[in-house]
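Q: Structure below; questions to follow.
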Amino acid sequence: QKGNNGKYTVTLIPGDGIGPEISESIKDIYTAAQVPIQWEEVSVTPILKGGKTVIPDSAIHSVKKNTVALKVGKGHVSLNLTLRRTFNLFANVRPCASIQGFKTPYDDVNTVLIRENTEGEYSGIEHEIVDGVVQSIKLITWDASERVARYAFNYAQTSGRLRVTAVHKANIMKMSDGMFLSACREVSKEFPDVAYDEDLLDRVCLQVVTNPKPYSDRVMVMPNLYGDILSDMCAGLIGGLGLTPSGNIGRDASIFEAVHGSAPDIAGKGLANPTALLLSSIMMLRHVVTIDMLLHMRLYDYADKIEKAALTTIAEGKSITGDLGGKATTKEYTDAIIKKLRA
Ligand code: ATP
Ligand code: MG
């Protein structure tokens, strides 16, 4: 939503744990870079309503109105479920790229993983059949598979990664993953200029950690749980959870968030790395551009400028947080980025 002042209003959900500290850091950086974004901060602390604990309506209304949000925290399951259902957040996009100059085992990791976001093992349907025997349902539907596949092919086409690899275990889950693959194959026919192939999850894990390079020209698409695991593995290759952003793409809104959660173990200590949330906000800026082409060059320039300031600060290694092997506090790292933006 663009207001009269030419600024975009974006919902900000700081959540709990490290959420408030890293959100503060993003706000400071955006103020320094003079990004034409206006934050609408909302609380998602559950409230009691009619005997049930629910997410405050104001949070939902804000996202509904603005259609774009930046959020932290997995804290409570009910929040994610509510947001996912309310806004039909069907695809989770997780890019993961080496930061040039920051030493890790490989300097050429550049993966994009698209995770189905609504079903699979996350259907939450589990029951005990008899004492000592539990059944858990992995739900796969054609519609959800087709929807995420189409998003993956569209993403491939617009990002210039002209291959889609469907990651699966259809050798074991013949029907469920089998149908996921059929849906991907069907959709691939609509995209003659995007190559398509399929690979087993275990093989992909082995190959990515052995040689990540071949994965830099493609988009990987997969069912929910595989995406959860594979994306943390990729995150480990580039320096950990403090660095990896994500976007939840929905029919009615898009919500950007770090791959990590609220990290309660380090909350309130000034130790958190705000980079993952900052990079998520940069994905958000580039996403807003697709909604309003008029903002095109402007927001792209801000995104590029902030990204460069953060990545060079990390590469220089003088003011980096503990998770990256440095000694800087959240604030010191943030100030180092701001100094670069002002230079
Ligand atoms: P949640 O239930 O909210 O997901 P969690 O306990 O699983 O919380 P995560 O946020 O997933 O915690 O983090 C996992 C680990 O990675 C924790 O030890 C945490 O300290 C660390 N970590 C996560 N995010 C960051 C960050 N931004 N900066 C530094 N360390 C982080
Ligand atoms: Mg977690």
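What follows is calculated from the coordinates using simple rules that are stated; it is not laboratory data. Bear in mind that the values here come from a model prediction, so they are computed numbers and not experimental data. All Cβ positions, glycine included, derive from the backbone under ideal geometry; neighbour counts span all protein chains shown.
Q: Identify all residues within the range 175-205 that are free of Cβ contacts under 8 Å to residues at least 24 places away in the same chain, among the charged types (D, E, K, R) and closer than 20 Å to ASP143 by Cβ; write none if there are none.
A: Once the filter is applied, which keeps residues that are free of Cβ contacts under 8 Å to residues at least 24 places away in the same chain, among the charged types (D, E, K, R) and closer than 20 Å to ASP143 by Cβ, the range 175-205 yields ARG185, LYS189.
Q: Look at LEU237 and say whether it is of a type in the set (A, V, I, L, M, F, W, C), surrounded by fewer than 22 Cβ atoms within 10 Å (Cβ to Cβ) and part of a helix (DSSP H, G or I).
A: yes
Q: Scan TYR155, TYR196 and give me the residue that is touching a Cys at 6+ places or on another chain (Cβ under 9 Å) and surrounded by 13 or more Cβ atoms within 10 Å (Cβ to Cβ).
A: The match here is TYR196.
Q: Out of the residues in the range 88-112 meeting the condition of being among the hydrophobic types (A, V, I, L, M, F, W, C) and not in a loop (DSSP other than H, G, I, E, B), tell me which one is nearest to ASP143 (Cα to Cα).
A: Looking at residues that are among the hydrophobic types (A, V, I, L, M, F, W, C) and not in a loop (DSSP other than H, G, I, E, B), I get PHE90.
Q: OK, next. Just a yes or no: is a residue in the range 41-59 surrounded by 17 or more Cβ atoms within 10 Å (Cβ to Cβ), out of contact with any Pro (no Cβ under 6 Å at 6 or more places or on another chain) and in a helix (DSSP H, G or I)?
A: yes
Q: For SER254, state whether it is within 16 Å of ligand 2 (Cβ to nearest atom), within 18 Å of TYR8 (Cβ to Cβ) and of a type in the set (Gly, Ala, Ser).
A: When the stated conditions are applied, SER254 does not pass them.
Q: On to the next question. Considering the range 117-143 alone, what residues qualify as being touching a strand residue (DSSP E or B) at 6+ places or on another chain (Cβ under 6 Å) and touching a residue at least 12 places away in the same chain (Cβ under 8 Å)?
A: Residues satisfying the conditions are ASN117, THR118, GLU119, SER123, SER136, LYS138.
Q: So SER319 ticks every box in (1) in a helix (DSSP H, G or I); (2) surrounded by 14 or more Cβ atoms within 10 Å (Cβ to Cβ); (3) touching a Lys or Arg at 6+ places or on another chain (Cβ under 9 Å) but one. Which box is left unticked?
A: Looking at each condition in turn, SER319 falls short on (1).
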